């Protein structure tokens, strides 16, 4: 078997629609980013600037994502002859980095991209950037904030102030005379439907956000003037709704609610803010798992328009304009976080103890037999580990070495069996992938710990907070079979500063399924499996080996934590000038805080 | 029943040894902090400066904690005639806020308090502050860092460089000629024993940190000169080891390993760094739960010394000096985070639908009967909620109101039954506390959502990351029975920005166990129970009502996240001058970002 670049594309998930458009591997086996017809090697960039790691920002990609999302809506609106319009806003919470906001302004202008501000500082920022589109103001407000909106009417096309409680409705009295003149009211509705997602507690009858029906009635009753000034209903079912089924229910509830409230109470309704929810495929597998939707962006848009249109035609009302809060989809890809490997440590031990069990492992002929031995070994190890109280050094040494030997020999034998009879072995291996099967655990466990010069808390806070998955890929040696499965450790003092999960979805027929050196599994062709280590190469002597985390451009900037005083990270910024030429600059921001 | 201040002390957990020393309630029912014989009302401070909230820093408390911890060690060392010494170091990772570091320097100087630095910026910072005690350098190093240590010998009494891999041992060659002259080597050992704690993955044979035995042997073999320069073994079993049993196993493993390695390989060993692990009682219940140890600080110290001493006497070796990494215990209390209530919203609905079930609730005579009805109600609600697809507004309105009615009536009836026959009712209520019992869920559920002017991501990041528990207590009205159980919402756009858990451990005989207004349970006397809402008061019209989170001084500063651009929070700093007079100053840092 000869490993080729195409194998790496498949293993590291570069074949999905989006990744295929953004990334590739060059003939030297290096990961490249595709920008404006050029292909830049990430490893080369890092080496050129002598950096221990960096966040690479590719600003033109923000433009590409804006065009892509807007294009989907505009095309679908036209095809379906939907008579409402597309009114995008960017929620500042997703990433308020100066360069991100500038890029959205620049690339979004032609679509009148607006802003969504959920706090006072976001509101002040949005007012300072200006838009001829919408300014949606939600979150908890106060009188000062409302006055600032009234005083800055030149900063937006229309401002819509979301109301979420009786107190907030009362606050409106402070600027009542301005309402109706570029400033309008939105009601944020507490959604009934509650899907399955990480942030699903954003919806449901007791959710943090939105008005229950009873509060709407009370507001209208106490402040009847409000009725005619409400032009928008705002829904938010939580970030990353991954199931197509949930989308249908959401959109149905939205348009139902809109229709009833418009007919009975709020005659001037004309916008639905569909909120966040469009899931970004962090796995690039379209698998319907927590970080990967089972639908495409296109399907999201088409499902929305179809449901809205059918409902409207049935009820004979005008179609609402769609206020679309596009955050993740637009900014997630623009940042790639890269870190250098500075130490490689054994996962368990650097030496092994020879034991009888190894003979037994060697004698097994099938995966099935090996699977039995794996179970037996695990029992032995667990028994030994349970007697660790008052352990003496001699026994500890033996134990470390014994575990190491077992973790080396079982995978080695599995690979051997596979090489002899692939079809049968594969079938038996596939049966082993159920969690809890000891053989599968041995085959997918890391044998090394790679220390990378970065802080997980600073670069991928959502991995720490939510165990959010980000695709990982080496920046070089991609023309070679990975040598090992490894845990990635950061340089913080915190045991949470590690990443070990790797989602593998090899295509049918991919037969090069073992690592070179530690004989671990790279996946099971045709299945989505989770490995407990990341496929990486053993760098050659004096070779600088970098590892990239993809799609880190949404939320990871604002949530960055300064654990262990590791604040900031070098930046490489890729931009374009007015002649469409690429400009690359870098900022060695905090570079000295990271070991080389 | 008349509610008194003493009831509030018990409900809000101010009676524990530490809290009793730091906090009290004054005759106006306000929470006060006790500093140098003075009692300051927190609510008054906040009102005086007109703040929406603040982190209050009480720097003299850092001094008190330092004296307390050092006192425990010094006293116990003397009593036990332990012949090793106490060598404290402060780990910068816990909180590197300037004022915190200054205070540790000031109050720790008389104990030669040293520093522990785990990253390059921490190392540079520690070198700039100086100590005549120890400087322990662990974490991932590079040549530059080691050179800085060698170039700044005036900055510490002794520096000990922890080695964690073969690469790091090799790095030592760069400064080899300095080693032995104020600079020494430590080996960080990968502990075998793995306890049950949140950070327990810091230990065990495959943990992120420390050398396996095999690596130690390899290092000594390849670089034999190192043997004589290793003076310290460093252990870290993870933060917050809450079980007394685990302590014993930890200390036993430490001293076993020390003895063997000293006798066979490392003759100059003289320090054991016992690492972090001393658990801080965030609940103030000494309950052995995740955030509350089942031992006191004193027991920790005495257990350590006892085990070390016995072992040493058995083996006839000199007792190791104890390098103690005291972080949380010293700085956790110094910061109190306070936020103002700016909105109170219904948890479910503002109105109710009258239904037959209410009659049935009214007719029940015992908690047992009510418990059956609660189960029935829950089934009904769940059935109704499962039909929410295509729900029309009329049905939604009925449903909201019906749920509201049930959530109002069941607790009301429970209180009524309790008032009639306390003993029987209490017994039956206690039986209901098992999770999954519907009645208990109704009785401990919130009826309100209090919006506080703060960001949980900024103020209590560990609550977001780990669901870490922090004690919550209102700053006023503590002479009155709490009115409701409430969820506390922050002002971020994130559904994770809520706190609802309240741990109640009422003493036997506490009989005022229901809230005033929504008739929820405040606890079960003699039991530790978890409520799903926080006992709070309905503020009087125009009253400013503040809520405090206690013990937020460890880790919450460095982990603060800037979600929704909510970075920074006002600060009130309480310090003392050289005449032991209190000085209070404030910084309205980002005040305008928080709604008033």
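Laboratory data are not the source of any read-out in this text; all were calculated from the coordinates shown. All of these numbers come straight from a predicted model, not from anything done at the bench. So basically every Cβ, Gly included, is an ideal-geometry build from the backbone, and we count neighbours across all protein chains shown.
With contributions of -39500 (n - 2.57) from each DSSP H run of at least four residues, the per-residue ellipticity at 222 nm computed over chain A stands at -11000 deg cm²/dmol.
Relative to the 2.2 N^0.38 Å rule of thumb, the stretch A:382-536 has a C-alpha radius of gyration ratio of 1.14.
Mean partner shielding of peptide A:139-147, defined as the number of other chain Cβ atoms within 10 Å of each residue Cβ, is 4.
Against the longest principal axis of chain A, how steep is helix A:120-129, in degrees 0 to 90 to the nearest 10, with axes from Cα atoms? The two axes meet at around 80 degrees.
What do you get for the angle between helix A:422-432 and the principal long axis of chain A? Use alpha-carbon atoms, 0 to 90 degrees, nearest ten. That helix lies at roughly 60 degrees to the long axis.
Pull out a ≥ b ≥ c, the square roots of the eigenvalues of the alpha-carbon gyration tensor of the stretch A:113-325, then state rounded if a/c is under 1.5, prolate if not and a/b is larger than b/c, and oblate in the remaining case.
Values: a/c = 1.75, a/b = 1.42, b/c = 1.23.
It is prolate, given that a/c is not under 1.5 and a/b is the larger ratio.
Placing pseudo-labels 7 Å out from each Cα toward the beta carbon at residue B:376 and residue B:143 gives an inter-label distance of 8.1 nm. In chain A, Cα pairs under 8 Å separated by at least six residues give a relative contact order of 18 percent. The distance between label points at residue B:314 and residue B:587 comes to 5.1 nm (points 7 Å beyond Cα on the Cα→Cβ vector).
To the nearest ten degrees, helix B:213-222 and the longest principal axis of the Cα atoms of chain B are 30 degrees apart.
If a/c stays under 1.5 just call it rounded; otherwise compare a/b with b/c (prolate if a/b is bigger, oblate if not). Do that for chain A, with a ≥ b ≥ c from the square roots of the Cα gyration tensor eigenvalues. Verdict is prolate for chain A.
Across the identical copies, the label point of residue A:224 (7 Å from Cα in the Cβ direction) is separated from its matches by 10.0 nm, in order from shortest. Per residue of peptide B:341-352, the mean number of Cβ atoms on other chains within 10 Å of the residue Cβ is 6. Starting from the label point of residue A:412 at 7 Å along Cα→Cβ, the same points in the other copies fall at 7.5 nm, in ascending order. Taking the label point 7 Å along Cα→Cβ, residue A:313 and its counterparts in the other copies are spaced 9.2 nm apart, in ascending order. For peptide B:162-172, the mean count of partner chain Cβ atoms within 10 Å of a residue's Cβ comes to 2. Based on Cα contacts under 8 Å between residues 6+ apart, the stretch B:113-325 shows a relative contact order of 15 percent.
Between residue B:264 and residue A:268, the simple spin-label model (points 7 angstrom out along Cα→Cβ) gives 8.4 nm. First check a/c for the stretch A:26-171, with a ≥ b ≥ c the square roots of the eigenvalues of its C-alpha gyration tensor; if it is under 1.5, answer rounded, and if not, answer prolate when a/b is larger than b/c or oblate otherwise. Oblate shape, in that a/c is at least 1.5 and b/c is the bigger or equal ratio. Across all Cα pairs in the protein assembly as shown, the calculated P(r) in 20 Å bins from zero up to the longest distance comes to 11, 37, 39, 13, 0 percent per bin.
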